[in-house]
There are 2 protein chains.
Amino acid sequence: MARVLYDLCGIDEGLRFSPYCWRVRYALAHKGLDVETRPWRFTEKEALTFAGHDKVPVLVDGDVTVVDSYDILRYLDRTYPEAPLLGDGMAESRARFFKYYAERSLAPAMMRTIVMDLLNAIHPKDRAYFRETREKRFGRTLEEFHSPAKGLTQLDAALEPLRACLGDADFVDGSAPAGADYILFGNFLWARVVSSADLVSNADPVHAWLERMLDLHDGLGRNAMRITDIQGAYR
Amino acid sequence: MARVLYDLCGIDEGLRFSPYCWRVRYALAHKGLDVETRPWRFTEKEALTFAGHDKVPVLVDGDVTVVDSYDILRYLDRTYPEAPLLGDGMAESRARFFKYYAERSLAPAMMRTIVMDLLNAIHPKDRAYFRETREKRFGRTLEEFHSPAKGLTQLDAALEPLRACLGDADFVDGSAPAGADYILFGNFLWARVVSSADLVSNADPVHAWLERMLDLHDGLGRNAMRITDIQGAYR
């Protein structure tokens, strides 16, 4: 049976920006598993009713439906044990830290930097939903929250341990990438797809890692459509 | 042959505050290995000449001398493979991130908060050395660097992923503590020994984890001498 991933898209069906969906796409590529991605937008909740969930990623793998990106990675490790993503025991417990580091340290810093670009990249029918849910979460308007100066300063501090790690090895998970790399990279790809902002200096070890990550799996990330590829879309 | 750890001490020989030495003491306790700790002060460089190194921890394990706390943890895993601390493969690569998170995110934030308490806890003969090396590192005087308000704000942000992790499991390394827990806890114990500053609110999941860590291995951390235990020493 087919393998299908419901994948968040923006103004163009090909513009895929969810950091959580990117984690899963890299995880599938890492396992050598094909997938058909199905474009989905924030307000298309009814399309996910079958999964008992209202957010992507949703992976349908034959008979099995799995929601939540981290749970999908665990499912993939259980079902396709070759080339572990998260691993077991201490490795898996530590992977969880990277999930929260991505979501609670990197994402908020990046969000402050690119939120207006993100709004612009979202399909017009989704924008009111996005604004309402995020303004509630941030406790202020998107315009008030938006502060590239603050965001980049916050990001620079948050990246310090990653920077040091990448002085020791080419990837967070060692000499080859695995789950922790994909989890972190999802956030950078999210920003890259919707914005042309430079998040890290090209002298930063994080920059060299990003270049390596972009090249993986036949350039999966490098070939991803960006807002700047759509004529007249980037403002 | 005896197992000896050279361990940094302060105004009192019993006041042991090095976060790196604490990592090793917890690692040894985790493996069930006895150790004789030998008090050492910053300026006693000649006492470490035998190790070809000028900083503690230095572990002498029979015929073998190992320096650097992370390398000591790796050595212990290789030599005493029961109850892994760092583990192998992805687990070990990920452990490295915690080392840098402790050293580059947590330590600077804590240092800004407690540096004057730390200076006060250091033996008078070491204070000029400490001031000179740290002022050079910080690019300003200790008094200028000292800012509990900034340090605590920085620490609060840096702790966000740890806080979230500890909502999922009792320890960073899962249901039982291991290397990542000890690496991070070393920094908190460093601050606890030299200062009475409250670094985290008692409603914080990090606080509950600290309490669990203090109780481990027969209260190794809880029973450690603090500056406040020495009459007239805390000012």
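The values are calculated or read from the model by the stated rules, or taken from the named source; none is laboratory data. Nothing here was measured: the structure is a model prediction, and the numbers come from that model. Every residue, glycine as well, gets a Cβ built from its backbone with ideal geometry; the counts of neighbours run over all protein chains shown.
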Name the residues in region B:97-110 that are more than 8 Å from chain A (Cβ to nearest Cβ) and surrounded by fewer than 21 Cβ atoms within 10 Å (Cβ to Cβ), would you?
B:Ala107, B:Pro108
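Here is a yes/no grid of residues against (1) under 15 Å from the mean Cα position of the chain (by Cα); (2) in a helix (DSSP H, G or I); (3) modelled with pLDDT under 95:
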| site | (1), (2), (3) |
| --- | --- |
| A:Glu13 | no, no, no |
| A:Tyr20 | yes, yes, no |
| A:Arg23 | yes, yes, no |
| A:His30 | no, yes, no |
Residue list for region A:42-68, filter: touching a helix residue (DSSP H, G or I) at 6+ places or on another chain (Cβ under 6 Å), closer than 26 Å to A:Pro124 by Cβ and not β-branched (Val, Ile, Thr):
A:Phe42, A:Asp54, A:Pro57
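Which residue, of B:Asp77, B:Asp61, is more than 29 Å from B:Leu155 (Cα to Cα), touching a Pro at 6+ places or on another chain (Cβ under 8 Å) and modelled with pLDDT of 95 or more?
On the way: B:Asp61 fails: touching a Pro at 6+ places or on another chain (Cβ under 8 Å).
Residue meeting the stated conditions: B:Asp77.
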Please count how many residues of region A:143-161 are away from chain B (no Cβ under 14 Å) and acidic (Asp, Glu).
2
In region A:171-189, residues that are of a type outside the set (A, V, I, L, M, F, W, C) and either part of a loop (DSSP other than H, G, I, E, B) or over 23 Å from B:Ile183 (Cβ atoms) (or both) total 6
Kindly indicate which of A:Gly62, A:Gly52 is without any contact (Cβ under 8 Å) to a residue 40 or more places away in the chain and surrounded by fewer than 15 Cβ atoms within 10 Å (Cβ to Cβ).
A:Gly52
From the option list B:Thr65, B:Thr37, B:Thr43, single residue qualifying as out of contact with any strand residue (DSSP E or B) (no Cβ under 6 Å at 6 or more places or on another chain), within 30 Å of B:His146 (Cβ to Cβ) and away from chain A (no Cβ under 14 Å) is B:Thr43
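Return the residues of region A:140-170 that are assigned to a loop (DSSP other than H, G, I, E, B) and closer than 17 Å to A:Met110 by Cα; say none if nothing qualifies. Don't jump to the end; show me each part of the working.
Taking region A:140-170 as the starting set, the residues that turn out to be assigned to a loop (DSSP other than H, G, I, E, B) are A:140-141, A:146-147, A:159, A:169-170.
Listed by number, the residues that qualify are A:Arg140, A:Thr141, A:His146, A:Ser147, A:Leu159.
Would you call B:Ala164 among the small types (Gly, Ala, Ser) and within 8 Å of chain A (Cβ to nearest Cβ)? Outline the logic, then answer.
Numbers: among the small types (Gly, Ala, Ser): yes; within 8 Å of chain A (Cβ to nearest Cβ): yes.
Against the criterion (among the small types (Gly, Ala, Ser) and within 8 Å of chain A (Cβ to nearest Cβ)), B:Ala164 qualifies.
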Among (1) surrounded by fewer than 18 Cβ atoms within 10 Å (Cβ to Cβ); (2) among the hydroxyl-bearing types (Ser, Thr, Tyr); (3) within 14 Å of another protein chain (Cβ to nearest Cβ), there is one condition A:Thr228 misses while meeting the rest; what is its number?
(3)
Which listed residue is out of contact with any strand residue (DSSP E or B) (no Cβ under 6 Å at 6 or more places or on another chain), at the interface with chain A (Cβ under 7 Å from one of its Cβ atoms) and not hydroxyl-bearing (Ser, Thr, Tyr), from B:Arg140, B:Arg94
B:Arg94
Go through region B:168-208 and give me each residue that's under 15 Å from B:Arg94 (Cα atoms) and of a type in the set (Gly, Ala, Ser).
B:Gly174, B:Ala178, B:Gly179, B:Ala180
Suppose we keep only residues that are free of Cβ contacts under 8 Å to residues at least 12 places away in the same chain and within 13 Å of chain B (Cβ to nearest Cβ) within region A:78-91. Which one would you say is nearest to the chain's Cα centre (by Cα)?
A:Ala91
